[in-house]
Structures are given as structure tokens and as C-alpha cells.
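A.B. asks: The structure under discussion is supplied below as C-alpha cells; questions concerning it will follow.
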Amino acid sequence: MFGFLKKKANRSVVYKRQDHCISRKNIDPDALKVLYRLSSMGFTAYLVGGGVRDLLMGRKPKDFDVGTSAKPNELRKIFRNCFLIGRRFRLAQIRFGAKVIETATFRQNSQSVGEIIEHAAEGPQEDNTFGTPETDAYRRDFTVNGLFYDIKDFSVIDWVGGMKDIKNRVIRAIGDPNIRFQEDPVRMMRAVKFSSRLGFTIERKTFAAMKRHHACILSASQPRVCEEVFRLFTYGHSAEAFKLMWRTGMLGDLLPELAAAIDKTGGEKSVEWKYLEVLDELEKIREKEGLEVSNGLRAAVLMTALLKVERKDGASRRVMQTMLTTLKIPKTAYFTAVLLMESRVRLCKPPTKPRSRFIYNRDFLDALDYNRILVRAEGGDERTVNAWADLYDQKGINNECEELVQG
């Protein structure tokens with residue numbers, strides 16, 4: 001896949017065009033415009049990060065990010081469609097309609113190891129210390145995300161051993177993982193995300209550091225953690241992701257009641273993983289349809305194992321309160337999740353005339369999906385769920401206003 005013809009440039013390994021599979025035809029044309037424009041004006045400009053990784057794996061990248069020697073104010077002068085964001089470190093967003101090509105100046109760490117650990121609780125310490133492509137590569141989280149693609153000669157530049165780790169399907173922290181995870185604990189969740197999404201194994205020292213420092217995740221900002229939690233569901237690999245979160249101890253830190261419920265219901269063989277596996281099937285179907293599963297449905301499925309353990313009146317609200325308190329999930333996701341959990345009582349019985357009005361609830365389709373996920377995970381009979389689905393199809397969404405008026 002990667003070939004063997006390579007040459008050394010300083011401390012990097014440069015893979016020539018014939019040594020890798022990246023083609024310009026697979027790169028977003030607007031990203032190419034940014035790269036060519038910067039290059040033509042004498043600046044160094046590389047395609048960087050996850051986009052390079054995905055292209056090397058034959059996947060379609062979600063984002064195309066650019067790293068450059070041009071300073072933020074220079075970028076604003078070069079591109080009229082450039083907007084600078086961020087306070088501590090200025091990041092350029094070059095906009096093409098609704099699309100954004102994020103472009104960042106090469107950086108380096110200005111802090112010592114001691115300072116990084118001392119300020120770890122404050123989150124990642126960004127600053128305006130500009131650097132070189134090499135220092136920028138060493139600042140990144142994992143080797144597979146530290147590769148640069150050079151538009152000038154179509155080569156891939158590797159300072160951190162990322163090509164080898166992609167080939168071996170390994171997630172490895174750049175530098176000492178014990179330091180890197182204390183510097184920014186959310187990196188541990190990103191390791192889980194990449195491992196589950198790509199089907200890669202987490203390298204031994206990296207995994208050991210995650211188990212050693214898992215409690216540091218509580219020092220990370222709640223909005224970032226909440227965002228990463230919901231990202232674990234995307235692409236249909238949440239079962240593997242949350243099992244890794246449970247194994248490392250991070251799930252117990254963030255959602256201790258859920259982790260205890262998993263232990264109580266069999267640990268590695270808990271029904272929790274079956275719920276998530278069926279949800280993953282739905283996620284993949286929705287992705288093909290160009291749709292996305294709601295965070296309310298994701299939250300409800302995630303917390304169902306705890307709901308099963310509680311088995312008390314009003315348990316749905318208590319169960320979801322744990323996510324609301326520790327993760328600060330959006331209120332819309334919280335209330336949707338509660339409604340979905342409570343819908344089990346309604347949808348476990350065939351639809352009758354009074355009960356059937358529920359099909360006009362705005363969250364009915366999510367409730368239908370939630371109940372089907374539970375029935376399939378538990379090996380139950382889907383006929384009742386199908387009866388509700390048939391009723392919805394028979395009534396049709398066009399009759400909604402008429403029914404509401406008559407009611």
C-alpha cells in the first residue's frame with residue numbers, strides 16, 4: 001500500500017507519490033485552492049491531520065484542514081473569504097459557501113513539561129507560539145494524525161511514524177502518553193473514538209496511560225467532554241467505543257451509575273453492548289440515507305441498562321439526570337431521552353384509538369426506533385412495534401394537521 005521508496009529530510013521520512021495512494025482527485029477542490037494559493041505566494045502549505053489519514057486508508061475525509069507557515073493576519077490579507085476565530089490561538093476559517101477549510105499556522109509548545117502538567121486542569125494550553133512543520137507534527141495527539149501531504153511534489157511527510165502505524169492499524173500517542181493525557185485529558189476519549197471508528201488497536205503504552213490517568217477526564221471542560229461523548233456514536237461504532245470507555249475507567253468517572261449497572265448486568269456480557277450494537281445498525285442506515293440519529297435517542301439507548309436495573313416509578317428522569325448533571329447534555333436531548341424511555345410503556349401494547357394519537361408526537365419516530373432497538377436487543381417479538389409503524393404509515397404525515405384540529 002505504501003511502497004518502500006523514501007528519503008530522509010531532516011528528521012522526517014518523505015514518501016514520494018509512487019509510495020502512497022493519495023490522489024488530488026480525492027481532495028476537496030476548495031482545499032486545493034487554498035493549498036495552491038499559499039504555495040504560489042511562497043508559503044509552506046500542507047494538507048494535515050485526519051484528512052491525510054483517511055485518504056491513506058481509502059476513506060472519504062469529513063474535513064480537509066490546512067497547516068501553513070503563513071501567519072493569521074497574512075491569511076486574512078490573502079483570502080477575502082477568511083475569518084479569524086479563537087482568542088489564545090488565531091485559527092483561520094476560509095469559507096466557500098457553507099463549507100469551511102480550517103487553516104492554521106504551524107505551532108510549537110512554548111511550555112515546559114512541568115508547566116503543561118501544572119496547568120492540565122485548565123485544558124489544552126494554546127498560545128501564539130508559531131513553529132515549523134516538524135514542531136507542529138509533534139504537537140498533535142496521535143501518530144496517525146501527524147502526517148502532512150505536500151501539494152508541491154505530492155509527497156507525504158512523516159515526522160512521527162504515522163505511516164507505519166496506519167499500516168499496522170495502531171493508535172499511538174505522540175510523545176509520552178502520561179504527559180500528553182494530563183496535558184489534555186480529552187485526548188483519551190479521542191483515542192477511544194479513533195480506535196473504535198477505524199478498527200485500530202490502542203498501543204500498549206498508550207492504553208496503559210489511559211487506565212492510569214482515566215480520572216483526569218473529570219478535569220476537562222464539560223462541554224468538550226459532552227461533545228466527545230456524542231461523537232462516539234457517529235459512524236456506527238458506539239458499542240466498541242463505550243466498551244473501551246468502560247474498560248479504561250472513564251465511563252465510571254463520567255457516568256458511575258451506568259458503569260455500575262454494566263457490572264451488575266454481566267460486565268463484558270452486559271445487555272448494554274447489545275443495545276448499542278443495534279443502535280449502531282441504525283446509525284449506519286441513517287448515514288447512508290444522509291440523515292443523523294438524534295442525540296436524544298442516543299442518550300436514551302446508552303442509559304437503558306441503568307433503567308433496567310432501577311425498575312422504579314419515575315426512573316427515566318432519575319436515570320437521565322445523571323447525564324444532565326455530569327455531562328451537561330442539552331436540555332432538548334434530555335427531555336427527548338426521557339420521553340423515549342417512558343414510551344416503552346405505551347408502545348409495548350398494540351395501538352388503540354386513544355393511545356394511537358401518540359403517532360402525532362414530534363418524537364414518535366424516535367420512540368419507534370427506540371422501542372425497536374430494545375425489542376431486537378432483548379430478542380423479543382417485533383409485531384407490536386410493527387403495528388405502530390403500520391398505523392403511522394396508514395395515517396400519513398399529511399393528516400397531522402387535520403387530526404390535531406379535530407382533537
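The values are calculated or read from the model by the stated rules, or taken from the named source; none is laboratory data. All values reported here derive from a predicted model rather than from experimental measurement. Because the Cβ atoms are built from the backbone with ideal geometry, glycine has one as well, and the counts that use them run over all protein chains shown.
A.B. asks: Where residues in the stretch 138-168 are in a loop (DSSP other than H, G, I, E, B) and of a type in the set (Lys, Arg), which of them is farthest from the chain's Cα centre (by Cα)?
C.D. replies: Pass one, the stretch 138-168, residues in a loop (DSSP other than H, G, I, E, B): 140-141, 146, 151-154, 159-161.
This time we only want the ones that are of a type in the set (Lys, Arg), so: 140, 152.
Values: ARG140: 17, LYS152: 31 Å.
Here the answer is LYS152.
A.B. asks: What helices (runs of 4 or more DSSP H) completely inside the stretch 206-267 contain at least 3 residues that are modelled with pLDDT of 95 or more, surrounded by 15 or more Cβ atoms within 10 Å (Cβ to Cβ) and not aliphatic (A, V, I, L, M)?
C.D. replies: Values: elements: 222-231, 238-248, 250-254, 256-264.
Where helices (runs of 4 or more DSSP H) fall fully within the stretch 206-267 and carry at least 3 residues being modelled with pLDDT of 95 or more, surrounded by 15 or more Cβ atoms within 10 Å (Cβ to Cβ) and not aliphatic (A, V, I, L, M), they are 222-231, 238-248.
A.B. asks: Same structure, new question: Does at least one position in the stretch 245-257 carry a residue that is of a type in the set (A, V, I, L, M) and farther than 26 Å from ALA191 by Cβ? So that I can check it myself, show each step before the final result.
C.D. replies: So in the stretch 245-257, the residues of a type in the set (A, V, I, L, M) come out as 245, 250-251, 254-255.
So of that shortlist, the ones also farther than 26 Å from ALA191 by Cβ come out as none.
Within the stretch 245-257, not a single residue is of a type in the set (A, V, I, L, M) and farther than 26 Å from ALA191 by Cβ.
A.B. asks: Looking at VAL160 and the list (1) touching a residue at least 24 places away in the same chain (Cβ under 8 Å); (2) closer than 20 Å to ARG53 by Cα; (3) of a type outside the set (Gly, Ala, Ser), which single condition is not satisfied?
C.D. replies: Unmet for VAL160, out of (1) touching a residue at least 24 places away in the same chain (Cβ under 8 Å); (2) closer than 20 Å to ARG53 by Cα; (3) of a type outside the set (Gly, Ala, Ser): (1).
A.B. asks: Related question: Evaluate the following for PHE89: is it part of a loop (DSSP other than H, G, I, E, B), more than 22 Å from the chain's Cα centre (by Cα), surrounded by 15 or more Cβ atoms within 10 Å (Cβ to Cβ) and modelled with pLDDT of 95 or more?
C.D. replies: no
A.B. asks: Restricting attention to the stretch 49-62, does a residue exist that is in contact with a Ser or Thr (Cβ under 9 Å, 6 or more places away or on another chain), closer than 26 Å to THR135 by Cβ and among the β-branched types (Val, Ile, Thr)? Lay out the reasoning, then the answer.
C.D. replies: The first filter runs over the stretch 49-62 and keeps only residues in contact with a Ser or Thr (Cβ under 9 Å, 6 or more places away or on another chain), leaving 55.
Checking the rest, the ones that are also closer than 26 Å to THR135 by Cβ come to 55.
Now restrict to residues that are among the β-branched types (Val, Ile, Thr): none.
Scanning the stretch 49-62 turns up no residue that is in contact with a Ser or Thr (Cβ under 9 Å, 6 or more places away or on another chain), closer than 26 Å to THR135 by Cβ and among the β-branched types (Val, Ile, Thr).
A.B. asks: Right, next: Being more than 18 Å from PHE142 (Cβ to Cβ) and not small (Gly, Ala, Ser) narrows it down to one of PHE200, PHE230, PHE194, so name that one. Break it down stepwise before answering.
C.D. replies: Values: PHE200 fails: more than 18 Å from PHE142 (Cβ to Cβ); PHE194 fails: more than 18 Å from PHE142 (Cβ to Cβ).
Just one listed residue meets the conditions, PHE230.
A.B. asks: Now a separate question. Are any of the residues in the stretch 190-204 in contact (Cβ under 8 Å) with a residue 12 or more places away in the chain, among the polar types (S, T, N, Q) and part of a strand (DSSP E or B)? If you could, list the steps in order and put the result at the bottom.
C.D. replies: Looking only at the stretch 190-204, we keep the residues that are in contact (Cβ under 8 Å) with a residue 12 or more places away in the chain, and these are 190-203.
Going one step further and asking which of them are among the polar types (S, T, N, Q), we end up with 195-196, 201.
Still in the running and part of a strand (DSSP E or B): 201.
Yes, because at least one residue in the stretch 190-204 is in contact (Cβ under 8 Å) with a residue 12 or more places away in the chain, among the polar types (S, T, N, Q) and part of a strand (DSSP E or B).
A.B. asks: Please report, ordered by residue number, the helices (runs of 4 or more DSSP H) entirely within the stretch 20-78 with at least 2 residues that are crowded, with 23+ Cβ neighbours inside 10 Å and out of contact with any Pro (no Cβ under 9 Å at 6 or more places or on another chain).
C.D. replies: Values: elements: 29-40, 50-56, 72-78.
In the stretch 20-78, 29-40 are the helices (runs of 4 or more DSSP H) which contain 2 or more residues that are crowded, with 23+ Cβ neighbours inside 10 Å and out of contact with any Pro (no Cβ under 9 Å at 6 or more places or on another chain).
A.B. asks: Ok, one more. Find the residue count for the stretch 171-183, including only residues that are surrounded by 19 or more Cβ atoms within 10 Å (Cβ to Cβ) and in a loop (DSSP other than H, G, I, E, B). Explain how you work it out, then say what you get.
C.D. replies: Going through the stretch 171-183, the residues surrounded by 19 or more Cβ atoms within 10 Å (Cβ to Cβ) turn out to be 171-174, 177, 180-183.
Checking the rest, the ones that are also in a loop (DSSP other than H, G, I, E, B) come to 172, 174.
Within the stretch 171-183, residues that are surrounded by 19 or more Cβ atoms within 10 Å (Cβ to Cβ) and in a loop (DSSP other than H, G, I, E, B) number 2.
A.B. asks: Could you list all residues from the stretch 270-321 that are basic (Lys, Arg) and within 25 Å of the chain's Cα centre (by Cα)?
C.D. replies: Matches in the stretch 270-321: LYS274, LYS284, ARG286, LYS288, ARG298.
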